[in-house]
Amino acid sequence: MPYLVRENLFLGNIRDATEVIRNGSKEITHILCAIPTKEIKVYDAGSVGGSASVGDGSISFRAGKDLKLERMGVPLRDRHDENLLDYLDACVDFIDKGRKKGSVLVHCFAGVSRSASIITAYLMRTEHLSQEDALGSLRQSCEFVCPNDGFLHQLKMYEEMGFKVDRASPIYKSFRLKVLGTVLFFLLHLPLPLNLLFFIEHLEFMLSYFSFSSFGNIRDDESAPWDIESRL
């Protein structure tokens, strides 16, 4: 069962999202999914009963149309080196618009780290709270939430940039340089065939560093497939 964080804002897990997809909801009109496609497929493979699937593009499109759901997906892994920062503005904007139209469910796999980090960022911007105060406020509704250390660090940077990702900021440039260093480290330590594949897969990201542009394919339109992909 999703937890009510603020009026028209819920935090939940993948089971909660599946329940909304299968059976509908009198309250929830928008869903923000913070899970990569691979995790959705693992859940789909292990779930039994019911015909609707969070990861089935055709079914989720039909359900979204019938239930008037608006959905957005960001492919975040729950890792300390995952790039959360570049998705925050789009996620916060989606939640803000969704609450004005209806109610928003933000979920990841367990509802502990990724979705909690996104909602924390939302509270930081909309209520002008520090990272610590926003997370403390969230824990009053969901005491179990626990963003990983990497996400906490990025939320602190979000606070230092004034609750908006400023790509001209030295803070942001330093962050992107660190992410690029992580990519290059793995690139240099992989065997040659995998090395080449990894380079091709991440070429767009490495080039984007020099222009400090955002990356990833994020869509919030009703017709978008549920399992929205990104190159990272």
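Please treat every number below as a calculation from the coordinates, not as lab data. Just so it is clear, the model here is predicted, and its values are computed rather than measured. Reconstructed Cβ throughout: ideal geometry from the backbone, glycine too, with neighbour counts over all protein chains shown.
In table form, for the structure just shown:
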| quantity | calculated |
| --- | --- |
| Rough spin-label spacing in nm, given labels placed 7 Å along Cα→Cβ, for C146 and D93 | 3.4 nm |
| Nearby lysines by direct alpha-carbon distance to K164 (threshold 21 angstrom, same-chain neighbours under 8 apart not counted) | K97, K100, K156, K173, K178 |
| Label point distance in nm, E27-T182, each placed 7 Å from Cα along Cα→Cβ | 3.4 nm |
| From phi via Karplus (6.51, -1.76, 1.60), per-residue ³J(HN,Hα) for the range 120-131 in Hz, x at Gly/Pro | 4, 4, 5, 5, 4, 6, 6, 10, 6, 9, 5, 4 |
| Relative packing of peptides 172-180, 13-21 - highest average C-beta neighbours within 10 Å first | 13-21, 172-180 |
